[in-house]
Every structure is written in C-alpha cells, then in structure tokens.
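The values are calculated or read from the model by the stated rules, or taken from the named source; none is laboratory data. Treat the numbers as computed from the prediction; the structure is a model and nothing was measured. Here Cβ is always computed from backbone atoms with ideal geometry, including for glycine, and neighbour counts include all displayed protein chains. Surface areas here come from the heavy atoms of the whole protein model, side chains and all, with no ligands, DNA or RNA. Shrake-Rupley method; radii C 1.70, N 1.55, O 1.52, S 1.80 Å.
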Amino acid sequence: MVQEALAYIDLMLSSRSAHAQFTEYIREKVRHFYTSAAGFHYQPDDSDFTTLTRSYATAIACDSNMSECVDSALDIFTNWTREGAVRRIPMDYRETVYCTAAGHGDEHQVAYIWHHATSADSVEKQRMMKALGCSRNATIINRYLELAAENDTFSYADAYNVFAYVSKYDSGRRLAWQFIAEHFEPLFLKFGTSNLANIVSHVTRGFNTVEDLDEVRNVSARFAEQPMVFDSSIHTTTANIAYMTQNEEPLTNFLNSNT
C-alpha cells in the first residue's frame with residue numbers, strides 16, 4: 001500500500017518542479033536502507049529475504065539517482081560487458097543495472113544495450129528492451145518508438161511493450177504521447193482498438209493538468225471515429241487533476257519542510 005502510494009505521488013509530481021525535491025526526499029530516506037543492505041554486494045549464500053531486500057534497496061536507490069548506487073551499477077555493467085560470464089550479474093540485480101546504464105551510461109554502454117535490445121538472438125533481449133526505456137535521450141526514445149511501429153524489428157508483443165517501457169519517466173511518456181498523436185492511423189492498424197487504448201492509457205497515466213486534458217480531447221476529436229481509444233485516458237486525467245487540485249499544495253509544503 002505504501003509503495004503504491006509513493007509510486008502514485010512520484011507519478012503525479014513527475015512533471016512538476018517539486019519532483020526534484022521528492023526524489024531527494026526518497027533518496028535520503030532510502031540511503032540507510034541501501035547501506036545496511038550492502039548495496040550490490042551479492043553473496044552466493046545470501047538468504048532469499050536478504051537477496052530480495054538488497055534488490056529492492058538498490059532499485060529504489062538507483063532510481064532516486066543516489067550517486068553511490070549509480071556509480072556501482074555502472075561499474076558492474078562495464079565489467080560485465082568487458083568480461084562477460086566471468087563477471088556475470090546476479091539475476092536479481094540485472095534490471096536495475098541495465099536500467100541505470102541506459103539512463104546514466106556513456107554512449108558505448110547505451111550502444112551495447114541498444115544492440116541487445118534490438119537483436120532477436122540476444123539472451124537478455126527482454127531485460128535490455130525494458131532497460132532501453134530508461135534512457136532520457138529523446139533521439140534514442142523516438143527511434144525506439146519508430147522501430148516499434150514498424151513490422152520487421154520486433155514481434156507484436158514486443159512492439160506493444162515498447163510503449164510501456166519508454167513510459168517509465170515523464171520525458172518518455174511525453175515523447176510516446178506525441179508519437180501516438182502523430183502516427184495514430186498506422187498504430188491503430190497495427191494494434192487495434194483495445195490494445196491501442198491500453199497503450200494510450202499507460203502513456204498518459206501521469207497527465208494531470210487542464211492542458212493535458214485538453215490535448216487528449218483534441219487528439220480524440222481528430223480521430224472521432226475511435227473514441228474508445230481515449231476514453232480511459234480522459235477519465236484518468238480528470239481524476240488526476242482532482243487529486244492535484246486537492247493535494248499539490250500540501251505535498252509541496254511537506255517537501256519544502258523536509259528537504
């Protein structure tokens with residue numbers, strides 16, 4: 001329940017200036033948790049509980065841009081790409097390490113992820129595909145979306161998932177929404193009403209301003225023959241606006257007093 005509530009607050013603040021304070025607040029709250037869990041220091045005889053705790057701590061710490069976590073993840077990724085199986089990354093930490101490398105790594109690290117995410121024979125294809133959505137680079141995200149809209153790079157299911165993967169952060173959600181608005185017809189032909197409605201709903205789930213709502217309604221009006229694609233998005237955006245009207249000021253005041 002607490003995790004879900006924090007995730008929703010993070011989502012609602014993701015397009016606001018207060019998001020930096022929220023990230024700082026979470027980072028400082030998780031710092032002791034990350035340190036006591038020993039970060040990425042995996043031991044073969046760790047209990048399932050210890051492994052789960054450490055995996056959860058590293059995921060939150062790296063996502064909140066804690067420098068110790070980010071630097072460790074990048075080192076682990078670099079060593080793995082250089083030495084392969086000799087430096088095999090433990091299964092429970094791979095998503096965090098890959099995501100961090102995609103979001104914070106240099107061009108060589110990102111290129112490595114891109115290659116494995118778009119190569120059909122890559123053992124780590126699904127994790128690399130998910131990680132690629134962690135990129136904050138607009139060129140990479142837009143190219144990723146273009147490949148998803150084509151018919152010869154990804155399977156239908158993988159193409160569908162790309163839109164979820166790039167929606168991890170607000171910047172990716174905005175790019176995905178713009179891409180949908182500009183390429184609605186081919187995407188509708190590819191995914192159909194139900195699946196495209198799910199994609200639109202996921203991409204716009206963080207929309208929470210009157211301007212966002214007007215934008216969704218305007219795009220919906222352009223494709224009035226397919227209103228069901230946008231119904232859920234309009235409903236969610238309306239609910240999010242109500243939430244922010246009631247809670248944005250108290251949240252901002254709390255963060256101002258605690259960061």
Scan region 160-187 and report the pairs whose first residue is within 10 Å of ILE141 (Cα to Cα) and whose second residue is open to solvent by 10 Å² or more (accessible area, probe 1.4 Å) and not in a helix (DSSP H, G or I), with Cβ atoms within less than 7 Å and a gap of 6+ or a chain change.
VAL162/PHE154; SER171/ARG136
Just checking, does region 96-113 include any residue being within 25 Å of THR81 (Cα to Cα), open to solvent by 60 Å² or more (accessible area, probe 1.4 Å) and of a type in the set (D, E, K, R)?
yes
Residue list for region 64-89, restricted to those being assigned to a helix (DSSP H, G or I), surrounded by 16 or more Cβ atoms within 10 Å (Cβ to Cβ) and without any contact (Cβ under 8 Å) to a residue 24 or more places away in the chain:
TRP80
Considering every residue within region 184-193, establish whether at least one is at pLDDT 95 or above, of a type in the set (A, V, I, L, M, F, W, C) and either touching a strand residue (DSSP E or B) at 6+ places or on another chain (Cβ under 7 Å) or in a loop (DSSP other than H, G, I, E, B) (or both).
no
So for region 232-240 (the condition being open to solvent by less than 60 Å² (accessible area, probe 1.4 Å), part of a helix (DSSP H, G or I) and touching a residue at least 60 places away in the same chain (Cβ under 8 Å)), does at least one residue qualify?
yes
Among the residues of region 20-41, write down those that are free of Cβ contacts under 8 Å to residues at least 24 places away in the same chain and within 19 Å of the chain's Cα centre (by Cα).
ALA20
Of all residues in region 130-159 being over 14 Å from the mean Cα position of the chain (by Cα) and not in a helix (DSSP H, G or I), which is surrounded by the fewest Cβ atoms within 10 Å (Cβ to Cβ)?
ASP152
When region 11-30 is checked residue by residue, the ones that are assigned to a helix (DSSP H, G or I), buried (at least 17 other Cβ atoms within 10 Å of the Cβ) and either in contact with a strand residue (DSSP E or B) (Cβ under 6 Å, 6 or more places away or on another chain) or charged (D, E, K, R) (or both) are ARG27
On the basis of being over 16 Å from ASN65 (Cα atoms) and more than 19 Å from the chain's Cα centre (by Cα), does SER47 make the cut?
yes
